[in-house]
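Below: the structure, in structure tokens.
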């Protein structure tokens, strides 16, 4: 797995500042138990579809093993709480809006950054 990064950010300290700000934004919006875990990739099932959220790529979707068109936003950060994962893009959880909420029971693969 790669070292922690934020897509489009070259400086390590700026990437960390964006992560911290995203955590604070999540806490401000009721997700008060965000862990320090740094997640690179999350695979989960929702409504019969398989989703893969990987930092640096748009979220991908498969139905019955066949790929569907990916989402149009790049995954910026994936956060963890005690019962949820929060998949954050610039418009969903980083700069504004609510993150994509994934129940831990729906996830079947989680890969951390190094």
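List of remarks:
- Modelled this way, with points 7 Å down the Cα-to-C-beta line, the labels at residue 114 and residue 5 are 1.2 nm from one another.
- Relative contact order of the chain, pairs being alpha-carbon contacts under 8 Å that are 6 or more residues apart, as %: 29 percent
- In plain terms, the residue of 80, 59 with the fewest other Cβ atoms within 10 Å comes first and the most crowded comes last, giving 59, 80.
- Residue with peak Gaussian network fluctuation, the chain [Cα springs, cutoff 10 Å], from 26, 95, 53: 95
- Angle in degrees between helix 12-28 and the longest Cα principal axis of the chain, rounded to the nearest 10: 70 degrees
- In the chain, helices alone account for a calculated mean residue ellipticity at 222 nm of -5000 deg cm²/dmol, with every DSSP H run of four or more residues adding -39,500 (n - 2.57).
- Percentage relative contact order, region 57-114, counting C-alpha pairs under 8 Å, at least six apart: 21 percent
- For region 12-112, the antiparallel share of DSSP beta bridges with both residues in that region comes to about 95%.
- With the gyration tensor restricted to C-alpha atoms of the chain, the semi-axes of the equivalent ellipsoid amount to 22, 16, 13 Å, longest first.
- Projecting label points 7 angstrom from Cα along Cα→Cβ for residue 106 and residue 66 puts them 2.3 nm apart.
Coordinate-derived values only; no laboratory data. No experiment lies behind these values; they were computed from the predicted model shown. Because the Cβ atoms are built from the backbone with ideal geometry, glycine has one as well, and the counts that use them run over all protein chains shown.
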